[in-house]
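K.L.:
First, the structure itself, so that you have it in front of you.
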Amino acid sequence: MSIKLYLGDAFGWETESTAKVAISELREEGKISSDSKCPKAQLIKNQSYRSQTNGLKVLGYIPIINIIAGIVAIVFSTDASNNECRPNNQKFWIARGVAMILTGPLLAIVDLGKFIFDKIMTAKYNKNHKELIEQFDTDHKHTPAFWAGHPVDCLYN
């Protein structure tokens with residue numbers, strides 16, 4: 001059985017190491033173009049999305065604010081057709097929003113469990129696919145991602 005990590009997952013906290021694994025898997029499957037951008041540029045572009053989703057999750061742990069964060073999660077949930085996100089991503093984010101409204105801080109326990117599971121899967125992937133993870137170590141710089149989805153270009157000196 002193959003376990004996949006996805007970008008922008010509704011549960012758990014995405015880190016740079018889990019994003020590297022998700023991007024590597026998506027590049028391997030051809031769901032993210034591996035010839036148009038270097039992996040590091042894709043990782044930098046994803047960082048702004050990661051900050052938004054992780055930030056919303058943290059707001060969902062704060063009593064009272066969890067209701068607003070849950071509504072935001074429901075309203076802005078999207079069915080990502082770009083194949084970078086989990087299948088049924090919209091349903092997972094709607095479930096996340098409802099859980100944020102109903103449970104608030106208790107959702108941190110679920111996120112912690114998913115985070116630990118993702119870290120274990122990341123360690124296994126890094127061990128078995130060292131060459132794919134090493135592709136993120138580039139010798140050139142990149143433009144910053146000023147907002148979520150902002151294009152990131154390679155800067156060669």
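The values are calculated or read from the model by the stated rules, or taken from the named source; none is laboratory data. Being a predicted model, the structure only gives us computed values, none of them experimental. When we count neighbours, we look across all protein chains shown, and the Cβ atoms used for this are built from the backbone with ideal geometry, even at glycine.
K.L.:
Quick check, is Gly149 surrounded by fewer than 16 Cβ atoms within 10 Å (Cβ to Cβ) and modelled with pLDDT under 95? Outline the logic, then answer.
P.N.:
Details: surrounded by fewer than 16 Cβ atoms within 10 Å (Cβ to Cβ): yes; modelled with pLDDT under 95: yes.
It is true that Gly149 is surrounded by fewer than 16 Cβ atoms within 10 Å (Cβ to Cβ) and modelled with pLDDT under 95.
K.L.:
Only one of Ile120, Ile101 is over 19 Å from the mean Cα position of the chain (by Cα) and either closer than 28 Å to Pro39 by Cα or modelled with pLDDT of 95 or more (or both); which?
P.N.:
Numbers: Ile120 fails: over 19 Å from the mean Cα position of the chain (by Cα).
Going through Ile120, Ile101 in turn, just one is over 19 Å from the mean Cα position of the chain (by Cα) and either closer than 28 Å to Pro39 by Cα or modelled with pLDDT of 95 or more (or both): Ile101.
K.L.:
Restricted to region 1-21, and to residues that are under 8 Å from the mean Cα position of the chain (by Cα) and not aromatic (Phe, Trp, Tyr), which residue is surrounded by the fewest Cβ atoms within 10 Å (Cβ to Cβ)?
P.N.:
Thr15
K.L.:
On to the next question. Surrounded by 18 or more Cβ atoms within 10 Å (Cβ to Cβ), in contact with a Pro (Cβ under 8 Å, 6 or more places away or on another chain) and over 30 Å from Asp153 (Cα atoms), is that true of Gly97? Don't jump to the end; show me each part of the working.
P.N.:
Working: surrounded by 18 or more Cβ atoms within 10 Å (Cβ to Cβ): yes; in contact with a Pro (Cβ under 8 Å, 6 or more places away or on another chain): no; over 30 Å from Asp153 (Cα atoms): yes.
Spelling it out, it is not the case that Gly97 is surrounded by 18 or more Cβ atoms within 10 Å (Cβ to Cβ), in contact with a Pro (Cβ under 8 Å, 6 or more places away or on another chain) and over 30 Å from Asp153 (Cα atoms).
K.L.:
Are any residues in region 107-146 surrounded by 12 or more Cβ atoms within 10 Å (Cβ to Cβ) and of a type in the set (A, V, I, L, M, F, W, C), and if so, which ones?
P.N.:
Once the filter is applied, which keeps residues that are surrounded by 12 or more Cβ atoms within 10 Å (Cβ to Cβ) and of a type in the set (A, V, I, L, M, F, W, C), region 107-146 yields Leu107, Ala108, Val110, Leu112, Phe115, Phe117, Met121, Ala123, Leu132, Ile133, Phe136, Ala145.
K.L.:
Give me the residue from region 31-70 that is within 21 Å of Cys154 (Cβ to Cβ) and among the polar types (S, T, N, Q) and, out of that set, farthest from the chain's Cα centre (by Cα).
P.N.:
Checked region 31-70; the qualifying residue farthest from the chain's Cα centre (by Cα) is Ser36.
K.L.:
Determine, yes or no, whether Ala73 is of a type in the set (Gly, Ala, Ser), at pLDDT 95 or above and either part of a helix (DSSP H, G or I) or surrounded by fewer than 16 Cβ atoms within 10 Å (Cβ to Cβ) (or both).
P.N.:
Numbers: of a type in the set (Gly, Ala, Ser): yes; at pLDDT 95 or above: no; either part of a helix (DSSP H, G or I) or surrounded by fewer than 16 Cβ atoms within 10 Å (Cβ to Cβ) (or both): yes.
No; evaluated as a whole, the condition is false for this residue.
K.L.:
Check Thr138, Thr103 and return the single one that is on the phi < 0 side of the Ramachandran plot and in contact with a strand residue (DSSP E or B) (Cβ under 8 Å, 6 or more places away or on another chain). Outline the logic, then answer.
P.N.:
Values: Thr103 fails: in contact with a strand residue (DSSP E or B) (Cβ under 8 Å, 6 or more places away or on another chain).
Being on the phi < 0 side of the Ramachandran plot and in contact with a strand residue (DSSP E or B) (Cβ under 8 Å, 6 or more places away or on another chain) holds for just one of Thr138, Thr103, which is Thr138.
K.L.:
Does region 26-42 contain any residue that is over 15 Å from Ala145 (Cβ atoms) and crowded, with 19+ Cβ neighbours inside 10 Å?
P.N.:
Step one: filter region 26-42 for residues over 15 Å from Ala145 (Cβ atoms), giving 26-36.
Right, trim to crowded, with 19+ Cβ neighbours inside 10 Å and you get 26, 32.
Within region 26-42 (the criterion being over 15 Å from Ala145 (Cβ atoms) and crowded, with 19+ Cβ neighbours inside 10 Å), the answer is yes, since at least one residue qualifies.
K.L.:
Do we have Gly97 as assigned to a helix (DSSP H, G or I) and in contact (Cβ under 8 Å) with a residue 24 or more places away in the chain here?
P.N.:
yes
K.L.:
Of the residues in region 114-137, how many are in a helix (DSSP H, G or I), in contact (Cβ under 8 Å) with a residue 40 or more places away in the chain and not aliphatic (A, V, I, L, M)?
P.N.:
Going residue by residue through region 114-137, those that are in a helix (DSSP H, G or I) are 114-128, 130-134.
Filter once more, so that each one left must be in contact (Cβ under 8 Å) with a residue 40 or more places away in the chain: 114-115, 117-119, 121-122, 125-126, 132-133.
When the remaining residues are screened for being not aliphatic (A, V, I, L, M), the result is 114-115, 117-119, 122, 125-126.
So the answer is 8.
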